[in-house]
Amino acid sequence: MNKLVDVSEDKPYNWLRYGRITAPVYAYIEVTNRCNSNCLYCQIPTNTPCERSDMPFLDFCSYLQQLNDINIMEIRLGGGEPLLHGDILKMVDLISHYGMNSWLCTNGYLLHLKDAFALKSAGLFGVRVSLDSTNIRVNNYLRGNANAWHNALRAVACAHTAGLKVVISMTVTNDNIDDINRMKILSSNLDARLNLHPVMPAGKGKIVSTIDMAPVSENEIIEACVNETSEESICMAANGFLTISFKGEVSPCTFIEPIASLSDYSLLDILQSEKYKKYMSIVPQNHCTGCKFECTKSINRCLLYPMCKGGCWALYEKSRDPSD
(Lines give C-alpha, C1' and ligand atoms only; values in the text may rest on other atoms or scores of the structure.)
Protein backbone atom coordinates (compact mmCIF):
# COMPACT_ATOMS: atom_id res chain seq x y z
CA MET A 1 0.00 0.00 0.00
CA ASN A 2 1.71 3.18 -1.19
CA LYS A 3 1.10 6.75 -0.07
CA LEU A 4 0.80 9.41 -2.79
CA VAL A 5 2.54 12.58 -1.61
CA ASP A 6 3.17 15.86 -3.44
CA VAL A 7 6.90 16.34 -2.96
CA SER A 8 8.06 19.78 -4.09
CA GLU A 9 11.47 19.56 -2.41
CA ASP A 10 13.98 16.74 -2.43
CA LYS A 11 13.58 16.05 1.30
CA PRO A 12 10.41 16.15 3.42
CA TYR A 13 12.28 18.01 6.18
CA ASN A 14 12.58 20.94 3.78
CA TRP A 15 8.80 21.29 3.85
CA LEU A 16 9.12 22.77 7.34
CA ARG A 17 11.29 25.56 5.99
CA TYR A 18 8.75 26.59 3.39
CA GLY A 19 5.51 26.01 5.25
CA ARG A 20 4.42 23.05 3.13
CA ILE A 21 3.52 20.78 5.98
CA THR A 22 0.49 20.86 8.25
CA ALA A 23 1.21 17.74 10.34
CA PRO A 24 4.32 16.10 11.81
CA VAL A 25 6.63 14.19 9.46
CA TYR A 26 7.28 11.29 11.82
CA ALA A 27 6.15 9.76 15.08
CA TYR A 28 8.24 8.21 17.82
CA ILE A 29 6.35 5.34 19.46
CA GLU A 30 7.54 4.05 22.81
CA VAL A 31 6.48 0.42 22.43
CA THR A 32 7.85 -0.51 25.86
CA ASN A 33 9.52 1.10 28.84
CA ARG A 34 11.45 -2.07 29.66
CA CYS A 35 15.18 -1.91 28.95
CA ASN A 36 18.32 -4.02 29.34
CA SER A 37 20.60 -1.00 29.75
CA ASN A 38 20.86 1.52 32.57
CA CYS A 39 21.95 4.80 30.98
CA LEU A 40 22.89 7.57 33.42
CA TYR A 41 20.65 10.08 31.63
CA CYS A 42 17.76 7.78 30.69
CA GLN A 43 14.46 9.56 30.03
CA ILE A 44 12.69 6.71 31.84
CA PRO A 45 13.48 6.85 35.59
CA THR A 46 14.91 3.60 36.94
CA ASN A 47 15.85 4.86 40.39
CA THR A 48 12.21 5.17 41.48
CA PRO A 49 9.32 2.70 41.41
CA CYS A 50 7.93 2.66 37.87
CA GLU A 51 5.45 0.48 36.03
CA ARG A 52 7.26 -1.74 33.51
CA SER A 53 5.04 -2.62 30.63
CA ASP A 54 4.70 -3.07 26.86
CA MET A 55 2.26 -1.33 24.53
CA PRO A 56 -0.53 -3.81 23.63
CA PHE A 57 -0.42 -4.71 19.95
CA LEU A 58 -4.09 -3.86 19.42
CA ASP A 59 -3.47 -0.38 20.84
CA PHE A 60 -0.51 -0.02 18.50
CA CYS A 61 -2.76 -0.91 15.55
CA SER A 62 -5.24 1.80 16.56
CA TYR A 63 -2.54 4.44 16.99
CA LEU A 64 -0.95 3.58 13.65
CA GLN A 65 -4.27 3.91 11.85
CA GLN A 66 -4.70 7.40 13.31
CA LEU A 67 -1.14 8.32 12.35
CA ASN A 68 -1.80 7.13 8.82
CA ASP A 69 -4.94 9.27 8.70
CA ILE A 70 -2.85 12.43 9.22
CA ASN A 71 -0.27 11.32 6.63
CA ILE A 72 2.63 10.57 8.94
CA MET A 73 5.49 9.41 6.72
CA GLU A 74 7.83 7.69 9.17
CA ILE A 75 7.59 5.70 12.41
CA ARG A 76 10.43 5.29 14.88
CA LEU A 77 10.00 2.43 17.33
CA GLY A 78 11.71 3.01 20.64
CA GLY A 79 11.45 2.50 24.35
CA GLY A 80 13.00 1.34 26.56
CA GLU A 81 14.47 -1.27 24.28
CA PRO A 82 11.96 -2.06 21.50
CA LEU A 83 13.48 -5.46 20.73
CA LEU A 84 12.18 -6.63 24.12
CA HIS A 85 8.62 -6.34 22.75
CA GLY A 86 7.33 -9.71 21.59
CA ASP A 87 5.33 -8.21 18.72
CA ILE A 88 8.06 -6.02 17.25
CA LEU A 89 8.10 -7.87 13.90
CA LYS A 90 4.33 -7.57 13.57
CA MET A 91 4.60 -3.84 14.31
CA VAL A 92 7.23 -3.33 11.61
CA ASP A 93 5.17 -5.36 9.14
CA LEU A 94 2.06 -3.24 9.84
CA ILE A 95 3.99 0.00 9.36
CA SER A 96 5.19 -1.32 6.02
CA HIS A 97 1.60 -2.18 5.08
CA TYR A 98 0.65 1.49 5.51
CA GLY A 99 3.50 2.57 3.24
CA MET A 100 5.49 4.34 5.96
CA ASN A 101 9.22 4.12 6.60
CA SER A 102 10.16 2.48 9.91
CA TRP A 103 13.22 2.84 12.09
CA LEU A 104 14.22 0.95 15.22
CA CYS A 105 15.93 2.90 18.04
CA THR A 106 18.01 0.30 19.85
CA ASN A 107 21.02 -0.23 22.09
CA GLY A 108 21.89 -3.19 19.85
CA TYR A 109 22.09 -5.76 22.63
CA LEU A 110 19.46 -8.03 21.04
CA LEU A 111 20.15 -7.24 17.39
CA HIS A 112 21.89 -10.30 15.97
CA LEU A 113 22.17 -11.26 12.31
CA LYS A 114 19.00 -13.37 12.19
CA ASP A 115 17.05 -10.57 13.89
CA ALA A 116 18.35 -7.99 11.43
CA PHE A 117 17.31 -10.12 8.45
CA ALA A 118 13.88 -10.79 9.99
CA LEU A 119 13.32 -7.07 10.57
CA LYS A 120 14.48 -6.21 7.05
CA SER A 121 12.10 -8.84 5.65
CA ALA A 122 9.24 -7.32 7.66
CA GLY A 123 9.91 -3.96 6.05
CA LEU A 124 12.26 -2.14 8.46
CA PHE A 125 14.14 0.71 6.77
CA GLY A 126 16.92 1.26 9.29
CA VAL A 127 18.24 1.20 12.83
CA ARG A 128 19.37 4.00 15.12
CA VAL A 129 22.02 2.50 17.40
CA SER A 130 23.03 4.17 20.66
CA LEU A 131 26.78 4.77 20.92
CA ASP A 132 28.23 7.60 22.98
CA SER A 133 32.00 7.37 22.62
CA THR A 134 34.92 5.82 20.78
CA ASN A 135 36.31 5.11 24.25
CA ILE A 136 34.91 1.76 25.40
CA ARG A 137 35.14 2.61 29.10
CA VAL A 138 33.40 5.98 28.74
CA ASN A 139 30.65 4.57 26.54
CA ASN A 140 29.91 1.65 28.85
CA TYR A 141 29.91 3.97 31.87
CA LEU A 142 27.37 6.30 30.26
CA ARG A 143 25.24 3.42 29.02
CA GLY A 144 25.37 1.50 32.31
CA ASN A 145 26.30 -1.77 30.62
CA ALA A 146 29.73 -3.41 30.54
CA ASN A 147 29.09 -4.79 27.04
CA ALA A 148 27.33 -1.76 25.53
CA TRP A 149 30.14 -0.73 23.14
CA HIS A 150 30.72 -4.17 21.63
CA ASN A 151 26.97 -4.86 21.39
CA ALA A 152 26.43 -1.61 19.52
CA LEU A 153 29.19 -2.26 16.98
CA ARG A 154 28.01 -5.84 16.43
CA ALA A 155 24.48 -4.51 15.83
CA VAL A 156 25.79 -2.00 13.27
CA ALA A 157 27.59 -4.77 11.39
CA CYS A 158 24.52 -7.03 11.43
CA ALA A 159 22.28 -4.22 10.22
CA HIS A 160 24.56 -3.47 7.29
CA THR A 161 24.76 -7.15 6.35
CA ALA A 162 20.95 -7.31 6.30
CA GLY A 163 20.74 -4.22 4.10
CA LEU A 164 19.43 -1.81 6.73
CA LYS A 165 20.37 1.87 6.93
CA VAL A 166 22.28 2.84 10.07
CA VAL A 167 22.34 5.97 12.22
CA ILE A 168 24.52 6.21 15.31
CA SER A 169 22.85 8.19 18.09
CA MET A 170 25.22 10.00 20.46
CA THR A 171 24.08 11.76 23.64
CA VAL A 172 26.54 14.60 24.32
CA THR A 173 27.73 15.09 27.91
CA ASN A 174 30.81 16.49 29.64
CA ASP A 175 32.23 12.98 29.57
CA ASN A 176 32.25 12.68 25.79
CA ILE A 177 31.98 16.15 24.27
CA ASP A 178 35.67 16.06 23.29
CA ASP A 179 35.01 12.82 21.43
CA ILE A 180 32.59 14.24 18.84
CA ASN A 181 35.14 14.53 16.03
CA ARG A 182 36.39 11.01 16.65
CA MET A 183 32.78 9.81 16.67
CA LYS A 184 32.29 11.44 13.26
CA ILE A 185 35.27 9.52 11.92
CA LEU A 186 34.09 6.26 13.49
CA SER A 187 30.59 6.72 12.10
CA SER A 188 31.98 7.40 8.63
CA ASN A 189 34.16 4.30 8.84
CA LEU A 190 31.09 2.30 9.84
CA ASP A 191 29.12 3.77 6.90
CA ALA A 192 26.66 5.31 9.34
CA ARG A 193 25.29 8.81 9.88
CA LEU A 194 25.96 10.41 13.26
CA ASN A 195 23.12 12.08 15.16
CA LEU A 196 23.99 14.31 18.15
CA HIS A 197 21.69 15.38 20.94
CA PRO A 198 22.17 16.72 24.49
CA VAL A 199 21.01 15.28 27.79
CA MET A 200 17.43 16.46 28.24
CA PRO A 201 15.43 17.16 31.43
CA ALA A 202 13.39 13.96 31.58
CA GLY A 203 13.65 10.87 33.78
CA LYS A 204 17.12 10.62 35.26
CA GLY A 205 18.17 13.53 33.07
CA LYS A 206 16.29 15.78 35.51
CA ILE A 207 18.81 14.93 38.20
CA VAL A 208 21.61 17.33 37.34
CA SER A 209 23.81 16.00 40.15
CA THR A 210 23.83 12.55 38.55
CA ILE A 211 25.48 13.68 35.34
CA ASP A 212 26.85 17.00 34.13
CA MET A 213 25.20 18.35 31.03
CA ALA A 214 27.46 19.39 28.19
CA PRO A 215 28.74 22.99 28.45
CA VAL A 216 27.28 23.90 25.08
CA SER A 217 24.56 26.52 24.66
CA GLU A 218 21.30 25.65 22.94
CA ASN A 219 22.14 28.13 20.19
CA GLU A 220 25.49 26.44 19.54
CA ILE A 221 23.78 23.05 19.35
CA ILE A 222 21.20 24.37 16.87
CA GLU A 223 23.92 25.99 14.77
CA ALA A 224 26.00 22.79 14.79
CA CYS A 225 22.96 20.80 13.69
CA VAL A 226 22.28 23.17 10.81
CA ASN A 227 25.90 23.29 9.64
CA GLU A 228 27.30 19.84 10.31
CA THR A 229 24.63 17.20 10.65
CA SER A 230 21.40 16.18 8.98
CA GLU A 231 18.18 18.18 8.90
CA GLU A 232 16.49 15.84 11.34
CA SER A 233 19.03 16.78 14.02
CA ILE A 234 17.27 20.13 14.26
CA CYS A 235 14.50 20.19 16.86
CA MET A 236 11.21 19.51 15.16
CA ALA A 237 9.08 18.96 18.27
CA ALA A 238 5.37 19.45 17.61
CA ASN A 239 5.90 20.81 14.08
CA GLY A 240 7.91 17.89 12.73
CA PHE A 241 7.26 14.97 15.03
CA LEU A 242 5.23 13.71 17.96
CA THR A 243 5.67 10.95 20.51
CA ILE A 244 3.32 8.29 21.84
CA SER A 245 4.21 6.57 25.10
CA PHE A 246 3.64 2.90 25.87
CA LYS A 247 0.51 4.06 27.72
CA GLY A 248 -0.84 5.89 24.68
CA GLU A 249 0.00 9.38 25.94
CA VAL A 250 0.76 11.94 23.24
CA SER A 251 3.46 14.59 23.55
CA PRO A 252 5.13 16.97 21.08
CA CYS A 253 8.50 15.73 22.36
CA THR A 254 9.86 12.82 24.37
CA PHE A 255 11.06 15.30 26.99
CA ILE A 256 7.79 17.21 27.43
CA GLU A 257 4.94 16.10 29.68
CA PRO A 258 2.08 14.37 27.81
CA ILE A 259 -0.70 16.55 26.41
CA ALA A 260 -3.44 13.91 26.59
CA SER A 261 -4.08 10.19 26.21
CA LEU A 262 -5.37 8.41 23.12
CA SER A 263 -7.69 6.49 25.42
CA ASP A 264 -9.56 9.77 26.02
CA TYR A 265 -9.16 11.74 22.79
CA SER A 266 -8.47 11.10 19.13
CA LEU A 267 -5.01 11.96 17.82
CA LEU A 268 -6.42 14.67 15.58
CA ASP A 269 -8.22 16.32 18.52
CA ILE A 270 -4.99 16.34 20.51
CA LEU A 271 -2.97 17.87 17.66
CA GLN A 272 -5.58 20.58 17.17
CA SER A 273 -5.72 21.46 20.87
CA GLU A 274 -4.32 24.79 22.08
CA LYS A 275 -2.17 22.92 24.59
CA TYR A 276 -0.37 21.09 21.78
CA LYS A 277 -0.19 24.08 19.46
CA LYS A 278 1.67 26.04 22.11
CA TYR A 279 4.76 23.94 21.39
CA MET A 280 4.63 24.86 17.71
CA SER A 281 5.36 28.49 18.64
CA ILE A 282 8.57 30.25 19.58
CA VAL A 283 10.00 29.70 23.07
CA PRO A 284 9.28 32.78 25.26
CA GLN A 285 12.88 33.14 26.43
CA ASN A 286 14.42 32.54 23.00
CA HIS A 287 17.86 32.90 21.49
CA CYS A 288 16.85 34.62 18.27
CA THR A 289 18.69 37.84 19.12
CA GLY A 290 22.21 37.53 17.79
CA CYS A 291 21.42 34.49 15.65
CA LYS A 292 23.86 34.30 12.73
CA PHE A 293 21.14 33.64 10.17
CA GLU A 294 20.06 36.86 8.47
CA CYS A 295 16.41 35.86 8.13
CA THR A 296 16.00 35.97 11.92
CA LYS A 297 16.02 39.77 11.86
CA SER A 298 12.30 39.22 11.38
CA ILE A 299 10.79 36.13 13.00
CA ASN A 300 8.04 36.22 10.39
CA ARG A 301 10.62 35.58 7.66
CA CYS A 302 12.81 33.10 9.54
CA LEU A 303 13.18 29.82 7.65
CA LEU A 304 14.55 27.99 10.70
CA TYR A 305 11.91 29.13 13.17
CA PRO A 306 9.53 26.20 12.57
CA MET A 307 12.39 23.88 13.50
CA CYS A 308 14.50 25.59 16.18
CA LYS A 309 11.78 27.76 17.80
CA GLY A 310 14.57 29.90 19.20
CA GLY A 311 15.41 27.30 21.83
CA CYS A 312 14.12 24.20 23.60
CA TRP A 313 10.66 24.08 25.16
CA ALA A 314 11.66 21.24 27.50
CA LEU A 315 14.64 23.14 28.91
CA TYR A 316 12.61 26.34 29.13
CA GLU A 317 9.82 24.68 31.13
CA LYS A 318 12.34 23.02 33.42
CA SER A 319 14.09 26.31 34.21
CA ARG A 320 11.19 28.69 34.57
CA ASP A 321 9.64 29.77 37.87
CA PRO A 322 6.57 27.53 38.59
CA SER A 323 4.68 30.65 39.67
CA ASP A 324 4.98 32.19 36.16
In the stretch 97-140, residue surrounded by the fewest Cβ atoms within 10 Å (Cβ to Cβ) [restricted to those that are among the small types (Gly, Ala, Ser) and in contact (Cβ under 8 Å) with a residue 40 or more places away in the chain]: 99
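Restricting the stretch 197-211 to residues that are under 24 Å from residue 258 (Cα atoms) and either open to solvent by 30 Å² or more (accessible area, probe 1.4 Å) or small (Gly, Ala, Ser) (or both), which is modelled with the highest pLDDT?
Step one: of the stretch 197-211, the residues under 24 Å from residue 258 (Cα atoms) are 197-208.
Pick out the ones that are also either open to solvent by 30 Å² or more (accessible area, probe 1.4 Å) or small (Gly, Ala, Ser) (or both) and you get 197-198, 202-203, 205-208.
Working: 197: 78, 198: 73, 202: 65, 203: 66, 205: 61, 206: 61, 207: 58, 208: 42.
Looking at residues that are under 24 Å from residue 258 (Cα atoms) and either open to solvent by 30 Å² or more (accessible area, probe 1.4 Å) or small (Gly, Ala, Ser) (or both), I get 197.
Within the bounds of the stretch 218-236, is there any residue that is modelled with pLDDT of 90 or more and open to solvent by less than 60 Å² (accessible area, probe 1.4 Å)? Before the answer, list the steps.
To start, the set of residues in the stretch 218-236 that are modelled with pLDDT of 90 or more comprises none.
No, there is no match, as no residue in the stretch 218-236 is modelled with pLDDT of 90 or more and open to solvent by less than 60 Å² (accessible area, probe 1.4 Å).
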Breaking point among (1) open to solvent by 40 Å² or more (accessible area, probe 1.4 Å); (2) at pLDDT below 95, for residue 143: (1)
Answer residue from the stretch 154-166, given it is within 19 Å of residue 78 (Cβ to Cβ) and not in a helix (DSSP H, G or I) and is farthest from the chain's Cα centre (by Cα) among those: 164
Residue that is nearest to residue 135 (Cα to Cα) [pool: residues in the stretch 181-196 that are of a type in the set (S, T, N, Q) and open to solvent by 40 Å² or more (accessible area, probe 1.4 Å)]: 181
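The values are calculated or read from the model by the stated rules, or taken from the named source; none is laboratory data. What you see is a predicted model; the values in this text were computed from it and never measured. Positions of Cβ are backbone-derived with ideal geometry, glycine not excepted, and every protein chain shown enters the neighbour counts. Heads up: the accessible areas ignore ligands, DNA and RNA and are worked out on the full protein's heavy atoms, side chains in. Shrake-Rupley method; radii C 1.70, N 1.55, O 1.52, S 1.80 Å.
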